[in-house]
Amino acid sequence: QAQFVESGGGLVQPGGSLRLSCTASRNIFRAFAMGWYHRAPGKQREMVATVTKNGITNFPDSVKGRFTASRDNAENTMYLQMSNLQPEDTAVYYCNVIIPRDDYWGQGTPVTVSS
């Protein structure tokens, strides 16, 4: 049973922005650092952001300076703000705990960057 629900994806032109949201149960959200992941077509899922329980973030070089992440512990919600999106950001975006658990994956939210 999926523990995370992602939303906010869509179609955006290159250079555009989107904000994704992720909700989880309180028990999970409070206990773990969290991560955003994406799976591009034909590729493996990879991490695009991590957020510790107190909000410290980390990003791979591919998105650093374009993506920011935050969490609202009171609302059990995490956000991914994506700016200056590029076609290579096209993927399904997921959230999970920082060491992903197979039984936590949700459906993800698709992001398509295209003109």
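Scanning region 1-59 for residues that are open to solvent by 50 Å² or more (accessible area, probe 1.4 Å), in a loop (DSSP other than H, G, I, E, B) and closer than 24 Å to Ser115 by Cβ yields Gln13, Pro14, Ser17, Pro41, Gly42, Lys43. Of the residues making up region 72-94, those that are open to solvent by 10 Å² or more (accessible area, probe 1.4 Å) and within 28 Å of Asn27 (Cβ to Cβ) are Asp72, Asn73, Ala74, Glu75, Asn76, Thr77, Tyr79, Gln81, Val92, Tyr94.
Of all residues in region 106-115, one or more are open to solvent by 10 Å² or more (accessible area, probe 1.4 Å), in contact with a helix residue (DSSP H, G or I) (Cβ under 7 Å, 6 or more places away or on another chain), of a type in the set (S, T, N, Q) and modelled with pLDDT of 95 or more.
Kindly indicate whether Ser62 is open to solvent by 40 Å² or more (accessible area, probe 1.4 Å), out of contact with any strand residue (DSSP E or B) (no Cβ under 7 Å at 6 or more places or on another chain), polar (S, T, N, Q) and within 22 Å of Gly16 (Cα to Cα).
Yes: the conditions hold for Ser62.
Val97: surrounded by 15 or more Cβ atoms within 10 Å (Cβ to Cβ), farther than 28 Å from Gln13 by Cα and under 14 Å from the mean Cα position of the chain (by Cα), yes or no? Yes: the conditions hold for Val97. When region 84-111 is filtered for residues that are in a loop (DSSP other than H, G, I, E, B) and touching a Pro at 6+ places or on another chain (Cβ under 9 Å), the ones remaining, listed by number, are Asn84, Leu85, Gln86, Thr90.
The values are calculated or read from the model by the stated rules, or taken from the named source; none is laboratory data. Computed from a predicted structure; not experimentally measured. Using ideal geometry, Cβ is built from the backbone for each residue, glycine included, and neighbour counts are taken over all protein chains shown. For the accessible areas, the whole protein counts, side chains as well, though only heavy atoms, and no ligand, DNA or RNA atoms are used. Shrake-Rupley method; radii C 1.70, N 1.55, O 1.52, S 1.80 Å.
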